[in-house]
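Notes for the one structure printed next.
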Amino acid sequence: MDDLKSGDLTIEVADADGAIKCTWRGKSNERNPPEVLRPWFDKLLAEATERKASIEMHFEKIEHFNSSTITALIKLIQVCRKSTLKLVMVYDQSLKWQRLSFDALRVFEKNDELFHLRSA
């Protein structure tokens, strides 16, 4: 799986004990992030399905993302759940903007363990 580099955003991909670890860096400030993220997410989901791996999205090192990025992340959560792929999102709770953004995503946590938020 290749890293994603688009504008001010980089998502670095690494293997981590049965998971595909994706570390977000820089800023996701594109006008329409799904245009860039959706095709990359599709490849990521195909790779995770083929390898029977979970996906870990790490946001501790990202400087900023806009509300359109949240929309793309919500869609990713929904697609992962439908595909029964486990998805974990890790964020920095000490950063107010991250805490507020990810607390809003808690509504997607269910008892099925397919989506989980974790503070670093």
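The values are calculated or read from the model by the stated rules, or taken from the named source; none is laboratory data. None of these values were measured; they are calculated from a predicted model. Using ideal geometry, Cβ is built from the backbone for each residue, glycine included, and neighbour counts are taken over all protein chains shown.
Would you pick out the residues in the stretch 51-72 that are under 23 Å from residue 114 (Cβ atoms), out of contact with any Cys (no Cβ under 6 Å at 6 or more places or on another chain) and not β-branched (Val, Ile, Thr)?
If the condition is that a residue be under 23 Å from residue 114 (Cβ atoms), out of contact with any Cys (no Cβ under 6 Å at 6 or more places or on another chain) and not β-branched (Val, Ile, Thr), then 51, 52, 53, 54, 56, 58, 59, 60, 65, 72 are the ones that fit.
Where residues in the stretch 65-120 are β-branched (Val, Ile, Thr), touching a strand residue (DSSP E or B) at 6+ places or on another chain (Cβ under 8 Å) and in a helix (DSSP H, G or I), which of them is nearest to residue 48 (Cα to Cα)?
77
Restricting the search to the stretch 3-42, which residues are part of a loop (DSSP other than H, G, I, E, B), modelled with pLDDT of 95 or more and over 18 Å from residue 70 (Cβ atoms)?
Of everything in the stretch 3-42, just one residue is part of a loop (DSSP other than H, G, I, E, B), modelled with pLDDT of 95 or more and over 18 Å from residue 70 (Cβ atoms), namely 3.
What number of residues within the stretch 7-36 are surrounded by 15 or more Cβ atoms within 10 Å (Cβ to Cβ) and more than 22 Å from residue 101 (Cα to Cα)?
3
Take residue 52 and tell me if it is farther than 24 Å from residue 2 by Cβ and surrounded by fewer than 13 Cβ atoms within 10 Å (Cβ to Cβ). Spell out the reasoning first.
Details: farther than 24 Å from residue 2 by Cβ: no; surrounded by fewer than 13 Cβ atoms within 10 Å (Cβ to Cβ): yes.
No.
Do you know which residues across the stretch 37-61 are closer than 26 Å to residue 96 by Cβ, in contact (Cβ under 8 Å) with a residue 40 or more places away in the chain and over 10 Å from the mean Cα position of the chain (by Cα)?
60
For the structure I just gave you, tell me whether residue 117 is closer than 17 Å to residue 6 by Cβ, among the aliphatic types (A, V, I, L, M) and at pLDDT 95 or above.
Answer is no for this residue.
If you check residue 43 against the conditions, is it at positive phi, surrounded by fewer than 16 Cβ atoms within 10 Å (Cβ to Cβ) and out of contact with any Pro (no Cβ under 9 Å at 6 or more places or on another chain)?
Answer is no for this residue.
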